[in-house]
Amino acid sequence: MKTIEQLPISEKRVFIRVDYNVPLENGQIADDTRLRATLSTLKYALSQKAKIILASHLGRPKGKKVPELSLAPVAEKLSELLGQEVKFAPDCIGEEVEKMAFALAPGEVLLLENLRFHPGETQNDPEFAKALAKLAEVYVNDAFAVCHRAHASVVGVPSYVNECGAGFLLAREIEYLSSLLENPQRPFALVIGGAKVSTKVGVLMNLLPRLDKLLIGGAMANTFLVADGQKVGASFYENEYVEEAKKILTAAQEQGVKVYLPVDLIVATDKDAKEGKNVNLFEIPEDKAAFDIGKETRKLFAEALNGVGTIVWNGPLGLFENPAFAKGTIKVARKAAAQNAITMAGGGDTLRALKQAGISRAFSYLSTGGGAFLEFLEGKKLPGIEALEKKS
Ligand code: 3PG
């Protein structure tokens, strides 16, 4: 796969697929991490006097123009971050957009309106892809977070443009995640949490043969506890995944992976409670639910991370949005960040939790992907990456 440095971008119209699917609050960007993550690619392209055309989706407008999902606020924020004007096109295809794109001078930047305002984007409609490709002399994908979607701007456009390659963000994601799958520094620990086992089975099964330690927290730990024969009171668990959880526990044992499950929990009557009670695993009252790992479990997890070579983290260990249930995630994350290890994290909730703990910068690598991060770790081929590989 070529990278942007190997492409003839000087004074050319370079169509860069970015993922500016950012959280918005009252029309303002609540978190600009995904914008910042593309700056090295954009600055490099500007240094080469490229004419930059940026394309992204925002939310899921289902092929309709939804004004609240306009990328206009992103153009404004990006101008600020780049320190130069970012022009904004009222659409992503059509005559007016073509005029704007063809009028770009070297070193200018144009952001197109939300790709998903057209149904052709998610349907990977060839006509829509061709209309986008018309704008491009060179195609660059710097949108790792959407590489698991076979959408027009991800897989269609590169099939109509000769010169294609990866931006720095995408190249770095592939490098880190591939090295993790191919040659992780041992011992290798996976810290996994979040609500559902169902979304993590693929990752667990693919990583298990590479792991030394598996630490399970969050509501998904309840399903594993039930699989292990424990009672979890009124806690959320996925009944239909108990058998799957049993299989994972058996496979872990067969493969010599040490599994760490909670030994105590913070329980409460509801998720908005002001405080919870720390109870032993065998003492969860029938009318109470677990919302965080307990004090002993925090210690157990922290000790398990001592001296490991690689830590991968996905999913919070408790309902961290409520400060009463944030301690488990924060304390274990701090311990992970303090290790002399390669520390990697991915997923929207996970990154928010690390940010809340004030330690995101201490991690060696934070993926910009949510679904794409998980699918890569599941060992799946991502269509956006395959589309670029075909071109080399
Ligand atoms: C993400 O935020 O994971 C990506 O932008 C993909 O968004 P999607 O799940 O709506 O395709």
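The values are calculated or read from the model by the stated rules, or taken from the named source; none is laboratory data. Please read these numbers as outputs of a predicted model, since none were measured by experiment. Cβ placement follows ideal geometry from the backbone for every residue including glycine, while neighbour counts extend to all protein chains displayed. Heads up: the accessible areas ignore ligands, DNA and RNA and are worked out on the full protein's heavy atoms, side chains in. Shrake-Rupley method; radii C 1.70, N 1.55, O 1.52, S 1.80 Å.
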Q. Within the chain, what's the longest stretch lacking GluC sites (Glu not before Pro) that sit in DSSP loops with no more than 12 other Cβ atoms inside 10 Å?
A. 86-274
(Q) Taking only the Cα atoms of region 4-171, how large is their convex hull per residue, in Å³? (A) 95
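Hey, could you get me the Stokes-Einstein D for region 196-300, Kirkwood radius over alpha-carbon pairs, 37 °C and 0.692 mPa s, rounded to whole µm² s⁻¹?
On the way: Rh = 14.0 Å.
D, rounded to a whole number, is 234 µm²/s.
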Q: Report P(r) for region 185-377: all Cα-Cα distances, bin width 10 Å, range 0 to the bin holding the largest distance, values in whole percent.
A: 10, 40, 39, 11, 0
Q. Just how far, in whole angstrom, is region 56-85 from region 1-38 if you go by their alpha carbon centroids?
A. 11
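In square nanometres, what is the average projected area of the Cα convex hull of region 110-177? Could you put the intermediate results ahead of the total?
Details: hull surface 18.8 nm².
Computed as one quarter of the Cα hull surface, the answer is 4.7 nm².
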Q: Please give every one of the lysines within straight-line cross-link reach of LYS274, meaning a C-alpha to C-alpha distance under 26 Å, and leave out same-chain neighbours fewer than 8 residues apart.
A: LYS196, LYS231, LYS288, LYS295, LYS299, LYS327, LYS331, LYS335, LYS355
Q: Take every Cα-Cα pair in region 78-119 and report what % of them are more than 18 Å apart.
A: 30
Q | For region 309-326, Karplus couplings with θ = phi - 60° (6.51, -1.76, 1.60), whole Hz, Gly/Pro x | A | x, 9, 10, 10, 10, 9, x, x, 8, x, 7, 5, 4, 8, x, 5, 10, 9
Q | THR122 accessible area, assembled protein chains, probe 1.4 Å, Å² | A | 70
Q) In square angstrom, rounded to the nearest 10, how much accessible surface does LYS130 have for a 1.4 Å probe? A) 90
Q.
Taking the Cα centroid of region 217-245 and of region 329-389, what is the distance between the two, rounded to the nearest whole Å?
A. 24
Q: Report Rg(Cα)/(2.2 N^0.38 Å) for the chain, keeping two decimals.
A: 1.07
Q. Once the Cα gyration tensor of region 325-392 is found, what semi-axes does its equivalent ellipsoid get, as square roots of 5 times the eigenvalues, in whole Å, sorted largest first?
A. 29, 13, 9
Q: Can you tell me the 0 to 90 degree angle between the C-alpha axis of helix 72-82 and the longest principal axis of the chain, rounded to 10?
A: 90
Q) Per-residue HN-Hα couplings for region 113-130, Karplus 6.51 cos²θ - 1.76 cosθ + 1.60 at θ = phi - 60°, whole Hz, x for Gly and Pro? A) 5, 2, 4, 7, 6, 10, x, x, 5, 6, 7, 6, 6, x, 5, 5, 4, 5
